[in-house]
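Below is one structure; the comments refer to it alone.
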Amino acid sequence: MKKVLIGIDFSKEKFDVAIIVKSTSTQEHALFDNKVSGYRKMIKWINSVVEDVPCSSWLFCGETTGGYSRMMSDWLYAQGYDVWIENALVIKRTFPLKRLKNDTVDAFMIAEYALRFEDRAQLYEPLSQALTELREIFLYRHHLVRHRCSFEVRRIEKRFTQQKSANKNVISQSARHIITEINKEIAKCDEKIKEYIESDDQLSSIFAIVTSMPGVGTINAVSLMVYTNNFTRFAYNPRKIACYYGIAPFGRDSGTSVHTDPRVGFIANKMLKSLLTQAALASVRTCPQIAKYYQRLIERGKKPMVALNNVKNKMIAIITAMVRTGCMYQPDNICLATQSVIVK
């Protein structure tokens with residue numbers, strides 16, 4: 001059991017730190033710069049507050065804020081401190097009646113959350129260097145694809161909704177030029193992704209296994225590997241991965257009046273969910289086993305989108321089993337009639 005709970009509220013330039021010491025009920029707050037010098041000052045300040053409590057009895061807790069929290073989390077991990085990075089929505093819903101909102105209150109709220117639910121703590125482990133680099137180039141590529149789509153839509157709208165004019169020609173030519181340059185940058189990103197995968201044996205091995213699943217291409221495989229930390233983040237549990245993707249259905253049943261069919265919720269990683277939808281559609285078209293499974297669901301009266309969501313869950317279960325056992329896709333050894341997945 002930890003004796004010192006440290007809540008951190010991250011922001012771009014600063015971060016607030018709140019300390020709760022169990023033995024003395026001491027509560028302190030301080031503000032530091034979000035850089036390495038600020039991290040060192042924070043450690044000195046904590047030592048001055050907790051006095052003789054060893055750092056092995058400290059627990060740092062913060063919210064997932066992407067790049068704002070990753071730098072400090074990596075630094076604390078490298079220094080040997082225990083760090084717990086929790087979903088911000090989970091912390092927020094633990095204290096639903098908080099009326100005052102500022103950084104100091106948020107830091108103490110995070111520290112209190114760590115105090116109450118210390119037994120749930122999942123200690124932070126950074127991605128490997130190869131996965132970190134792969135993640136950055138993947139996100140940059142996704143950013144480029146979104147911009148390309150916006151320019152393409154704008155260009156098409158102008159073509160069909162505006163009469164011929166000099167301005168229309170300028171806009172069309174400019175958009176076409178920008179789209180061409182974006183396509184070149186996307187191609188460079190694809191080459192970089194290929195290089196990072198080939199440079200690491202583990203990434204290369206898992207990538208080969210994941211892409212052996214019909215319908216799963218490079219981008220879907222990379223997204224799975226990056227956001228599941230090569231499937232270890234969720235302990236090879238396909239249900240948890242499906243929850244993270246937002247494709248796991250849940251029902252509601254209460255008393256005699258609330259009885260709803262299982263359905264997916266709005267809490268999801270929308271980017272990953274859209275990528276998996278594309279993979280599922282491709283798998284239905286190209287994989288006979290998946291196509292039969294999808295058609296069987298349709299014949300049973302499932303709506304097309306519900307059947308497609310079942311296909312997504314099936315694919316996640318199959319891919320997770322393949323990675324866990326280190327086997328390529330083998331249609332003869334996969335039972336698609338039930339929810340169980342058998343890979344030999």
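So, by mean Cβ neighbours within 10 angstrom, what's the order for 108-117, 39-48 with the highest one leading?
Ranked by mean Cβ neighbours within 10 Å, highest first: 108-117, 39-48.
Over the chain, with every protein chain in place, what whole percent of the accessible area is carbon and sulfur at 1.4 Å, could you tell me? On the chain, the fraction of accessible area on carbon and sulfur atoms equals 52 percent. Once the chain from Asn102 to Trp45 is taken as fully extended at 0.36 nm per residue, the excess over their C-alpha distance is 18.4 nm. Using the Stokes-Einstein relation with a Kirkwood hydrodynamic radius computed over Cα pairs, the translational diffusion coefficient of the range 205-269 at 37 °C and a viscosity of 0.692 mPa s comes to 241 µm²/s.
Rounded to the nearest 20 debye, the dipole magnitude of the chain is 1760 debye, with +1 charges on Lys and Arg beta carbons, -1 on Asp and Glu beta carbons, and the Cα centre as origin. Pairs of alpha carbons in the range 73-142 separated by more than 19 Å make up 51% of all such pairs. Probing with 1.4 Å while keeping every protein chain in the model, the per residue accessible area of the range 113-236 equals 60 Å². Length available on full extension from Asp33 to Tyr140: 0.36 nm per residue minus the Cα-Cα distance, which gives 35.8 nm. Most tightly packed first, judged by the mean number of other beta-carbon atoms within 10 Å of their residues, the peptides 284-291, 92-99 read 284-291, 92-99.
The Rg/Rh ratio for the range 1-80, using Cα coordinates for both the radius of gyration and the Kirkwood hydrodynamic radius, is 0.94. Over all Cα atoms in the chain, the spread is summed up by Rg and Dmax: 24.4, 78 Å. 3J(HN,Hα) along the range 109-126: 5, 5, 5, 5, 4, 4, 5, 6, 10, 4, 5, 8, 4, 10, 5, 5, 10, x Hz, from the Karplus curve 6.51 cos²θ - 1.76 cosθ + 1.60 with θ = phi - 60°, whole Hz, x for Gly and Pro. What percent of all Cα-Cα pairs in the range 52-174 falls in each 10 Å bin, counting up from 0? Using 10 Å bins, I get a P(r) of 10, 27, 21, 16, 13, 10, 3, 0 for the range 52-174. The shape of the range 107-181 can be summarised by an equivalent ellipsoid whose semi-axes, obtained from the alpha carbon gyration tensor, come to 49, 18, 8 Å from longest to shortest. Considering only Gly62, Gly255, Gly326, the Gaussian network model of the chain with Cα springs below 10 Å gives its largest mean-square fluctuation to Gly255. Relative to its residue count, the range 148-254 spans a Cα convex hull of 167 Å³ per residue.
The values are calculated or read from the model by the stated rules, or taken from the named source; none is laboratory data. Treat the numbers as computed from the prediction; the structure is a model and nothing was measured. When we count neighbours, we look across all protein chains shown, and the Cβ atoms used for this are built from the backbone with ideal geometry, even at glycine. For accessibility, only protein heavy atoms count, side chains too; no ligands or nucleic acids. Shrake-Rupley method; radii C 1.70, N 1.55, O 1.52, S 1.80 Å.
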